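The structure under discussion appears below in the form of structure tokens.
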Amino acid sequence: LQIESTFSVVHFRPAKVAHFGPARVVYYVRRLHYINQINNIDLFTKAAYIEKSIHYVNMQDSKLSPIVLVLPFHNPDLKKIHGGKALIDTIQVEQTENYINVIETKEDIDLEMYTAGIKVLRMRLNYLDDVAFLHSSFLYSPIIRFPIYGKSIYRELSFFRTQAFPNLTTPKNWRKIKKSIFKFGKILSDKILSDKLSKLIKARDGQVVCISDVPIEWLLIDGVPLSFSHDVCRLPETSLHGLMSIFASNKTMSYSIPEEVLEHTLVIMGSDETHFRVWQDHVIDLSKSKKFIVRECNSIEEVKKAVLEFNPHILIFDCHGDYDEKTRSSFLWIGDEKLCGEDVIQNNIFAPIIFLSACGTAPTYGTINPIGNAFFETGSISITSTYLPISVEAGSVLYIRILHMLEKASKNGLHKNWLSFVSHIIRTSWIIEAYGKALGQEKAINKQTLIESNSNDLIESMFFSKRRKIFKEMDNRISKLTTSNRLFFSEIIPEYLLYSNLGRSDLIYFDSWKKEHLDKNAS
């Protein structure tokens, strides 16, 4: 599904934009056309399962092809780089819900300059349409391209800007993080979703691929974040050429996860600080039984040697993350050295799958060149990164769970692709932490019952049809098993929302799942 959606009509402000009949009709027809086409595409897959021409490997597998969402966004840092030139104002116009460009008149810009700016904007949107079409070709995905947004959501996003990180992590402000994320998610939902489109995405049992710099994971649909109800991966829009590079990499390089993948997993420990060391000692002990590789590195050269020696399939960085205001890029601290994007490329630091257990490696406001872009350039397919600072404890527990669960996942075929696996681990961290709080603070309870309930919820959360219910009932589920009326689930700061899976991790299949799929569907 590809729909041209750039109008040449221009409405000027401060004059009010009047939505008369024809424009409003276009809006509804366009959205209905999206929905009808998506339903037509999905119909073929549904019919194939009904007619048993395709058989499920697991009942919890996503049933439909991933949907490609395109959410164009004017990165505020691009304007800062170009010094606020007049032409930039014309390029960074926003659109109404029915894709009409809205321009503010300024005395120093004439109509000819506006026309030039609109042409550049149209080229950008056409390019995004073409790239989305290419990415949809992998799995016959439907596409929705939303109107382009910018300064109308800067205010809400600016709370998460890189310059605010030091203040953001103070206890007082950190307690507000969930409220701020949910507020942005609600505003984003109001801007881009109609009622019918919201219902379609809400009910659609398929993974999500989003082309955008906007944290689509925070999109709220009926009060539930998109990344809790769906498996989401994101392709950064900035810089534009990277979208074609990601497509080309996936087109030319095929990688699937072998059953012995843990033996090809490398953990780089870049910090020996005490609060890191507590968890790293556990990781080192775990490596002896799980057979993954651990290297403590204090320099970029040591990282380079470790990667060259082991040629990992999965590369995990456990270290500090940071950002450079001058270059507007993020980097990793390896000992006292900065591992920047240029270092990644020059030293060919590469693995098909990268997991960055580090703070703010993919900020949503304040960078134009996150370090993930460099890993894409060296050939990586999937990079799990972070929007904001994360706690050492929560971050360490999360990647330790990945190492714990990866052995089973690589052998039992419970997850069909890396996106399914890593999304499950990330979203269930909230469930586990909530039950952990209840177990740790309530004395007059049946701990075994709580543990069993936790296990049951983790299993149920693997099923798309049950996630929304789990999300809305979790507080009551836990409270009924304790002597407290506390809302253990709602009180948790949801660090799972701070992660973003970059790249096409939906295209990285587990070999064990592929084998079962072929066995069940061999003609």
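The values are calculated or read from the model by the stated rules, or taken from the named source; none is laboratory data. Just so it is clear, the model here is predicted, and its values are computed rather than measured. Here Cβ is always computed from backbone atoms with ideal geometry, including for glycine, and neighbour counts include all displayed protein chains. For accessibility, only protein heavy atoms count, side chains too; no ligands or nucleic acids. Shrake-Rupley method; radii C 1.70, N 1.55, O 1.52, S 1.80 Å.
May I ask you to list the residues in the range 452-473 that are in contact with a Phe, Trp or Tyr (Cβ under 6 Å, 6 or more places away or on another chain) and over 16 Å from residue 221 (Cβ atoms)?
Hit for the range 452-473 is 454, nothing else.
Name the single residue that is modelled with the lowest pLDDT among those in the range 320-345 being out of contact with any Leu (no Cβ under 8 Å at 6 or more places or on another chain), closer than 14 Å to residue 370 by Cβ and open to solvent by less than 10 Å² (accessible area, probe 1.4 Å).
Looking at residues that are out of contact with any Leu (no Cβ under 8 Å at 6 or more places or on another chain), closer than 14 Å to residue 370 by Cβ and open to solvent by less than 10 Å² (accessible area, probe 1.4 Å), I get 330.
Suppose we keep only residues that are under 19 Å from residue 72 (Cα atoms) and hydroxyl-bearing (Ser, Thr, Tyr) within the range 89-130. Which one would you say is modelled with the highest pLDDT?
Among those that are under 19 Å from residue 72 (Cα atoms) and hydroxyl-bearing (Ser, Thr, Tyr), it is 127.
Output the helices (runs of 4 or more DSSP H) that fall wholly within the range 104-190 and possess 3 or more residues being crowded, with 16+ Cβ neighbours inside 10 Å, or say none.
Filter on the range 104-190 gives 111-136.
If I filter the range 35-44 for residues that are at pLDDT below 85, assigned to a helix (DSSP H, G or I) and within 29 Å of residue 187 (Cβ to Cβ), do I get at least one hit?
no
Looking at (1) in contact (Cβ under 8 Å) with a residue 24 or more places away in the chain; (2) within 20 Å of residue 381 (Cα to Cα); (3) open to solvent by 20 Å² or more (accessible area, probe 1.4 Å), which is the one condition that is false for residue 262?
Failing condition for residue 262: (3).
Taking only the range 280-299 into account, find how many residues are among the polar types (S, T, N, Q) and surrounded by 15 or more Cβ atoms within 10 Å (Cβ to Cβ).
3
Please tell me if residue 303 is part of a strand (DSSP E or B) and modelled with pLDDT of 95 or more.
Against the criterion (part of a strand (DSSP E or B) and modelled with pLDDT of 95 or more), residue 303 does not qualify.
Given the condition assigned to a helix (DSSP H, G or I), modelled with pLDDT of 95 or more and among the aromatic types (Phe, Trp, Tyr), answer yes or no: does some residue in the range 234-257 qualify?
no
Mind checking which residues of the range 40-72 are among the β-branched types (Val, Ile, Thr), open to solvent by 20 Å² or more (accessible area, probe 1.4 Å) and touching a residue at least 60 places away in the same chain (Cβ under 8 Å)?
41, 54
How about the range 212-225: which of its residues are of a type outside the set (D, E, K, R) and either under 18 Å from residue 160 (Cα atoms) or under 10 Å from the mean Cα position of the chain (by Cα) (or both)?
212, 214, 215, 216, 218, 219, 220, 225
Are any of the residues in the range 346-358 out of contact with any Pro (no Cβ under 9 Å at 6 or more places or on another chain), of a type in the set (S, T, N, Q) and open to solvent by less than 60 Å² (accessible area, probe 1.4 Å)?
yes
Looking at 512, 420, 505, 500, which one is more than 25 Å from residue 386 (Cα to Cα), crowded, with 17+ Cβ neighbours inside 10 Å and modelled with pLDDT of 95 or more?
One residue alone meets the criteria, 512.
What's the number of the only condition in (1) touching a Gly at 6+ places or on another chain (Cβ under 9 Å); (2) within 18 Å of residue 439 (Cβ to Cβ); (3) surrounded by fewer than 17 Cβ atoms within 10 Å (Cβ to Cβ) that residue 454 fails to meet?
All conditions pass for residue 454, except number (3).
Search the range 287-311 for residues that are of a type in the set (D, E, K, R) and pair each with any residue that is surrounded by fewer than 17 Cβ atoms within 10 Å (Cβ to Cβ) when their beta-carbon atoms are under 6 Å apart and the residues are at least 6 apart or on different chains.
Between residues of the range 287-311 that are of a type in the set (D, E, K, R) and residues that are surrounded by fewer than 17 Cβ atoms within 10 Å (Cβ to Cβ), the close pairs are 291/263.
Just to verify a result, which residue in the range 470-497, among those that are over 30 Å from residue 407 (Cα atoms) and among the β-branched types (Val, Ile, Thr), is most open to solvent (accessible area, probe 1.4 Å)?
483
Which residue is nearest to residue 308 (Cα to Cα), if the candidates are limited to the range 372-397 and must be free of Cβ contacts under 8 Å to residues at least 60 places away in the same chain and not small (Gly, Ala, Ser)?
Only one residue fits best here, namely 378.
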